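Asker: Okay, here's the structure, questions in a sec.
Read-outs: derived from the displayed coordinates by stated rules, not from any lab. This one's a predicted model, so the numbers in the text were calculated from it and none came from an experiment. We place every Cβ from the backbone using ideal geometry, glycine too, and count neighbours over all the protein chains shown.
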């Protein structure tokens, strides 16, 4: 596609529910990143995929958070038993060649605003 | 540990020049990025530095000193549309870490 897309753009859920957030990266980009951003803060790293595998998942806050990228393209971030503190904008980004200079540039999607009531 | 520091807010006047500083401590270094983020929007790429020195791109320039763990973003001929947050990000050994961003206010 022309850019990174994320769905839904907004998600409102109740505490304790399960949610899935989807990211469709730029076609051909091998690297995919998930970030969480709260108001007035920078993006907080969650997980980074290189192809189908999670190259670094050290940013996932706890075992309620899980992400997959089964075919090396679309990724889904899954949050179980949501809590009010999970409310934030979840950003996805992709890059063509991670760790290789300017080709490492990340292109961000518009984000999913998650609100947990 | 890994840490990126940048000022929380800055104010400048339309037409002027402003310099936004960033200092970092990371495990390994494989490049530094600056992103612009308007309120309610996703970050967009501005510049990339991996070697020491100044990279110029139109009204925006970015400087890097790896020995000092320091970078700055220089914005010239400020326009009202430059009002945004500016994010410094560093790729360490693996992941990319973002600073909290500097909110730049432009006064007419």
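Asker: State, as an integer percentage, the relative contact order of region A:1-88 based on alpha-carbon contacts under 8 Å between residues 6 or more apart.
Answerer: Taking the mean separation of contacting Cα pairs over the length of region A:1-88, I get 31 percent.
Asker: Then there is this: Would you mind getting the Kirkwood hydrodynamic radius of chain B from its Cα pairs, rounded to one decimal in Å?
Answerer: 13.8
Asker: While we're on this one: Could you tell me how many cubic angstrom of Cα convex hull volume region B:1-58 has per residue?
Answerer: Convex hull of Cα atoms, per residue: 132 Å³.
Asker: With labels modelled as points extended 7 Å from the Cα through the Cβ direction, what inter-label distance (nm, one decimal) is found for residue B:17 paired with residue B:3?
Answerer: 3.1
Asker: Give me the orientation-averaged projected area of the Cα convex hull of the protein assembly as shown, in nm², one decimal.
Answerer: So the mean shadow area of the Cα hull is 12.1 nm².
Asker: Return the Rg/Rh ratio of chain A with Cα-based radii and a Kirkwood Rh.
Answerer: Using Cα coordinates only, the ratio equals 0.95.
Asker: Contact order normalised by length for region B:53-108, with contacts defined as Cα pairs under 8 Å and 6 or more residues apart; what percent is it?
Answerer: 24
Asker: Which semi-axis lengths, in whole Å and largest first, follow from the square roots of five times the eigenvalues of the Cα gyration tensor of region B:50-108?
Answerer: With the √(5λ) rule applied to region B:50-108, the semi-axes are 24, 15, 9 Å.
Asker: Place the peptides B:58-71, A:18-31 in order of packing, highest mean first, counting for every residue the other Cβ atoms within 10 Å and averaging per peptide.
Answerer: The peptides rank, most packed first, as A:18-31, B:58-71.
Asker: Still on this structure, please answer the following. Let me have the relative contact order for chain B, percent, based on Cα pairs under 8 Å that are six or more residues apart.
Answerer: 37
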